[in-house]
1. Is there a residue in region 7-16 that is open to solvent by 60 Å² or more (accessible area, probe 1.4 Å) and part of a helix (DSSP H, G or I)?
2. Out of the residues in region 57-71 that are assigned to a strand (DSSP E or B) and open to solvent by 30 Å² or more (accessible area, probe 1.4 Å), which is farthest from HIS29 (Cα to Cα)?
3. Taking into account only those residues within region 17-33 that are open to solvent by 70 Å² or more (accessible area, probe 1.4 Å) and more than 13 Å from the chain's Cα centre (by Cα), which is farthest from MET70 (Cα to Cα)?
4. Kindly establish whether TYR97 is surrounded by fewer than 18 Cβ atoms within 10 Å (Cβ to Cβ), among the aromatic types (Phe, Trp, Tyr) and in a helix (DSSP H, G or I).
5. Condition test on LYS22, is it without any contact (Cβ under 8 Å) to a residue 60 or more places away in the chain and either touching a Lys or Arg at 6+ places or on another chain (Cβ under 6 Å) or in a loop (DSSP other than H, G, I, E, B) (or both)?
6. Just one of the numbered conditions (1) more than 30 Å from MET115 (Cα to Cα); (2) without any contact (Cβ under 8 Å) to a residue 12 or more places away in the chain is not true of GLU17; which one?
7. Looking for whichever is at pLDDT below 95 and either within 18 Å of the chain's Cα centre (by Cα) or open to solvent by less than 50 Å² (accessible area, probe 1.4 Å) (or both) here; the options are ALA41, ALA110. Which one fits?
8. Which residue is farthest from LEU88 (Cα to Cα), if the candidates are limited to region 44-56 and must be touching a residue at least 12 places away in the same chain (Cβ under 8 Å) and open to solvent by 50 Å² or more (accessible area, probe 1.4 Å)?
Amino acid sequence: MEWKLDDNRPIWMQLQEQLTRKILSGWYHSGEKLPSVRELASEAGVNPNTMQRALAGLDMEGLTVTNRTMGRTVTEDRTVIEGMRATLAKDIIRQFYQSASELGYTKEQAMELLMRRED
């Protein structure tokens with residue numbers, strides 16, 4: 001997993017967001033055991049305490065479940081995952097419309113741009 005971190009925002013927030021996207025995209029599957037805090041911290045090149053804070057955020061959001069003997073796993077509750085996917089998608093769409101509006105496009109024009117996008 002490639003980690004993209006910058007100095008503009010707290011590192012733990014960036015880690016939490018990237019882990020969230022990995023779960024929502026299926027990189028980590030429902031019910032799958034996550035690597036240990038130390039393993040993830042080593043991969044990302046951060047302090048284990050920083051990674052633990054990011055993972056605690058995932059626990060609070062309900063995306064992960066911690067079991068003292070088995071470690072941390074991705075939730076098996078598909079409604080949590082699907083709900084968060086929809087929320088994230090809506091945020092991305094809202095940001096797109098805001099950016100297009102700043103360029104002078106109406107919502108309809110922005111939608112048309114999306115429909116005829118070129119890959």
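1. Here is the first cut: in region 7-16, the ones open to solvent by 60 Å² or more (accessible area, probe 1.4 Å) are 7-10, 12-13.
Now restrict to residues that are part of a helix (DSSP H, G or I): 12-13.
There is at least one residue in region 7-16 that is open to solvent by 60 Å² or more (accessible area, probe 1.4 Å) and part of a helix (DSSP H, G or I).
2. Step one: of region 57-71, the residues assigned to a strand (DSSP E or B) are 64-67, 71.
If we keep only those that are open to solvent by 30 Å² or more (accessible area, probe 1.4 Å) too, we end up with 65-67.
Details: VAL65: 13, THR66: 15, ASN67: 17 Å.
Going through the qualifying residues, I end up with ASN67.
3. Restricting attention to region 17-33, the residues satisfying the condition of being open to solvent by 70 Å² or more (accessible area, probe 1.4 Å) are 17, 21, 25, 27, 29, 33.
Remaining after also requiring more than 13 Å from the chain's Cα centre (by Cα): 29, 33.
Details: HIS29: 16, LYS33: 8 Å.
Here the residue is HIS29.
4. On the way: surrounded by fewer than 18 Cβ atoms within 10 Å (Cβ to Cβ): yes; among the aromatic types (Phe, Trp, Tyr): yes; in a helix (DSSP H, G or I): yes.
Against the criterion (surrounded by fewer than 18 Cβ atoms within 10 Å (Cβ to Cβ), among the aromatic types (Phe, Trp, Tyr) and in a helix (DSSP H, G or I)), TYR97 qualifies.
5. Details: without any contact (Cβ under 8 Å) to a residue 60 or more places away in the chain: yes; either touching a Lys or Arg at 6+ places or on another chain (Cβ under 6 Å) or in a loop (DSSP other than H, G, I, E, B) (or both): no.
Taking the combined requirement at face value, the residue does not satisfy it.
6. Single failed check for GLU17: (1).
7. Numbers: ALA41 fails: at pLDDT below 95.
Answer to the selection: ALA110.
8. Keep residues of region 44-56 that are touching a residue at least 12 places away in the same chain (Cβ under 8 Å), which gives 44-46, 50-55.
Now drop any that are not open to solvent by 50 Å² or more (accessible area, probe 1.4 Å), which leaves 45, 52-53.
Numbers: GLY45: 26, GLN52: 23, ARG53: 21 Å.
Among residues in region 44-56 that are touching a residue at least 12 places away in the same chain (Cβ under 8 Å) and open to solvent by 50 Å² or more (accessible area, probe 1.4 Å), the one farthest from LEU88 (Cα to Cα) is GLY45.
The values are calculated or read from the model by the stated rules, or taken from the named source; none is laboratory data. For clarity, every value in this text was computed on a predicted model and none was experimentally measured. Cβ sites come from the backbone with ideal geometry, for glycine too, and all protein chains shown count toward neighbours. We work out accessible area using only protein heavy atoms, side chains counted, and drop any ligands, DNA or RNA first. Shrake-Rupley method; radii C 1.70, N 1.55, O 1.52, S 1.80 Å.
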